[in-house]
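Student: Attaching a single structure in structure tokens format; questions to follow.
The values are calculated or read from the model by the stated rules, or taken from the named source; none is laboratory data. A quick note: this is a predicted structure, and the numbers were derived from the prediction, not measured. Virtual Cβ from ideal backbone geometry, glycine too; neighbours counted across all protein chains shown. Side chains included, ligands, DNA and RNA excluded: accessible areas come from the protein's heavy atoms. Shrake-Rupley method; radii C 1.70, N 1.55, O 1.52, S 1.80 Å.
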Amino acid sequence: QVQLVESGGGLVQPGGSLRLSCVASGSIFSINAMGWYRQAPGKQRELVAAITSGGSTNYADSVKGRFTITRDNAKNTVYLQMNSLKPEDTAVYYCNALRVSGATEELGDYWGQGTQVTVSS
């Protein structure tokens, strides 16, 4: 059993910053990629940023230059530093772990429960 637990969401004014964290726990040997998605009311879930175990990153155009994704492989933790936040960044942010492996078998893909980020004055 693998669990992802996010933290760090909240209410912030436009132009402010937040740092999201996501810890993966369970019988994990490795995680191929970890990422952050978001879903605003009435919209589809979209990729915000992703990072592979080797450190390669991918960002949505809307967050490039403002958000930074990092990862601590030893702690199975991924972070999302969000700067210069805008009202349109308001959404529930979900952590994703792609291709999680145990010691002897593939465990699959997992999602966190989500954390609310609200950008408003």
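Student: Which residues, taken from segment 91-121, are assigned to a loop (DSSP other than H, G, I, E, B), in contact (Cβ under 8 Å) with a residue 24 or more places away in the chain and either over 19 Å from residue 70 (Cα atoms) or open to solvent by 90 Å² or more (accessible area, probe 1.4 Å) (or both)?
Tutor: 102, 103, 113, 120, 121
Student: Would you please list the contacts, defined by Cβ atoms under 9 Å and residues six or more apart or on different chains, that run from a residue in segment 56-73 that is among the acidic types (Asp, Glu) to a residue that is in a strand (DSSP E or B)?
Tutor: 72/78; 72/79
Student: So residue 75 ticks every box in (1) among the charged types (D, E, K, R); (2) within 18 Å of residue 8 (Cβ to Cβ); (3) surrounded by 14 or more Cβ atoms within 10 Å (Cβ to Cβ); (4) out of contact with any Phe, Trp or Tyr (no Cβ under 9 Å at 6 or more places or on another chain) but one. Which box is left unticked?
Tutor: Residue 75 satisfies every listed condition except (3).
Student: Residue check: is residue 28 under 17 Å from residue 112 (Cβ atoms) and either outside any loop (DSSP other than H, G, I, E, B) or among the aromatic types (Phe, Trp, Tyr) (or both)?
Tutor: So residue 28 fails the test.
Student: Just need a number here: residues in segment 15-31 that are open to solvent by 60 Å² or more (accessible area, probe 1.4 Å), in contact with a strand residue (DSSP E or B) (Cβ under 6 Å, 6 or more places away or on another chain) and farther than 17 Å from residue 80 by Cβ.
Tutor: 1
Student: Taking interchain pairs and intrachain pairs at least six residues apart, which have beta carbon atoms under 6 angstrom, with the first residue in segment 1-16 and more than 14 Å from residue 112 (Cβ to Cβ) and at pLDDT 95 or above and the second among the aliphatic types (A, V, I, L, M) and not in a strand (DSSP E or B)?
Tutor: Within 6 Å, the pairs are 12/85; 16/85.
Student: Here's another thing I want to ask about it. Would you confirm, using the coordinates I've provided, whether residue 42 is open to solvent by 30 Å² or more (accessible area, probe 1.4 Å), under 16 Å from the mean Cα position of the chain (by Cα) and free of Cβ contacts under 8 Å to residues at least 24 places away in the same chain?
Tutor: Answer is no for this residue.
Student: Within the bounds of segment 50-67, is there any residue that is touching a Gly at 6+ places or on another chain (Cβ under 6 Å) and assigned to a strand (DSSP E or B)?
Tutor: yes
Student: Please indicate, with yes or no, whether at least one residue in segment 49-60 is more than 19 Å from residue 83 (Cβ to Cβ), open to solvent by less than 20 Å² (accessible area, probe 1.4 Å) and at pLDDT 95 or above.
Tutor: Within segment 49-60, not a single residue is more than 19 Å from residue 83 (Cβ to Cβ), open to solvent by less than 20 Å² (accessible area, probe 1.4 Å) and at pLDDT 95 or above.
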